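Have a look at the structure below before the remarks.
Here, each number is a calculation from the coordinates, and none is a lab measurement. Note that the coordinates shown come from a computational prediction; the quantities given were computed from them, not determined experimentally. Don't worry about glycine lacking a Cβ; one is built from the backbone with ideal geometry, like all the others, and counts go over all protein chains shown.
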Amino acid sequence: MIPLRDINRSVRFPVFVVVLIVLNGLAWLYELSLGHQLRRFFFLFGVVPSFYFDPDYWETTGLIVGVLPLFTSMFLHGGWLHFLGNMLYLWVFGDNVEDRRGAGPGGFSMGRAGGLGIGTVVILVLVGWALGINPLYLIGGAEILSGMRGSQQQSQPAPGSGKGESSSDQMSQFVSAVLGSTEVQWKEIFARAGRTYQPPTLVMFDGQTLSECGAARAAMGPFYCPLDRKIYLDTAFFRDLKTRFGGGGDFAYAYVISHEMGHHIQNLLGILPQVQRAQQRASSRAEANALSVRVELMADCLAGVWAANGNAKRQFLEQGDVEKAVATAQAIGDDRLQRASQGVVVPDSFTHGSSAQRVEWLERGLQSGKIDSCNVFAAAR
């Protein structure tokens, strides 16, 4: 099957993705024009591993020119199928993590000149230098693309959210890896049940940003918005989790992300809309809160289901990982948080469940690896 599109709705034009596609296209056309000089071109701008172990290579080229092929090689292609396949996958799958860190309160980028990020400008300069093209032409073309699309958006805004620029830093890579793992496992689980899995988008931000469910603020912690099918995560939460709540560790952070993914699974299964309607009919605040607790506990269990299935295939859990995730679940239980903030525990006001409940349902998912084990609503009857 050849993917032609994904289900993520776009508003903001993916300028960075388009720039990469255009640059790859220019490099490919340049390759086609080289004829018998193509071999020399590949030796200059492609990665030849043996060169890096040859002292004479470094003496001849110097450090900067020597490492340049590690960057330029990503723009080289061996044939039309290679080029078209890579560009198709770049366009289709380049948008499931949307990085808004460093953006303003509304999620719009700050600190940019001419509508382009500094990283984009650096890439354009390097590629222009490598291919012998004046980088001002590339930068000007990218700014025109960005400006044209920006003016269209101001006059005709669309719902949803766009393909975001993805940071290459360590946290972005970690979050992307966890999200990718959850998508692989849930796609397989849904397929076994005869269902079609539709992935969410994960939005990283700092401070605050906007969602279709309203403002997303760091103080709210990670959350899932069913209206735009996006997970919102201020990565500073991970630091708070470790310093303030005593949680932490890679698997504990993955548990937080997969918990929010659990809400997306609930949305796909039609559970969230049912619960929202039931909450509207609830006779008291305590009854509505009890429904919220069940939703959260089920998401904990679904996080465990993901981990169980993923670990069965790739054995990524190490000794102590589960204990760290359990400690995290305990740390963010309503009873623990209420006792720390106000000195007393009010069970009727719980919206996420007690520490013991959260640990219980996380472990259920980890032990069974099946969605059926997560029926909190049946267990509550």
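Quick rundown of the values:
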{"quantity": "Ordering of 175-185, 49-59, 200-210, 310-320 by burial proxy (mean other Cβ atoms within 10 Å per residue, highest first)", "calculated": "200-210, 175-185, 310-320, 49-59"}
{"quantity": "Förster-model FRET efficiency, 45 Å R0, Glu212 and Asp250, C-beta, rounded to 0.05", "calculated": "0.90"}
{"quantity": "For peptides 18-31, 221-234, sequence by mean Cβ density within 10 Å, most packed first", "calculated": "221-234, 18-31"}
{"quantity": "The stretch 36-42 - phi-based ³J(HN,Hα) in whole Hz, Karplus 6.51/-1.76/1.60, Gly and Pro as x", "calculated": "6, 7, 4, 4, 5, 4, 5"}
{"quantity": "Estimated inter-spin distance, Leu44 and Leu90, nm [label 7 Å along Cα→Cβ]", "calculated": "2.1"}
{"quantity": "In order through the stretch 62-69: 3J(HN,Hα) via Karplus (6.51 cos²θ - 1.76 cosθ + 1.60), integer Hz, x for Gly, Pro", "calculated": "x, 5, 5, 5, x, 8, 3, x"}
{"quantity": "Net charge contributed by nearby residues that have their C-beta within less than 12 Å of Phe251 (K/R +1, D/E -1)", "calculated": "-3"}
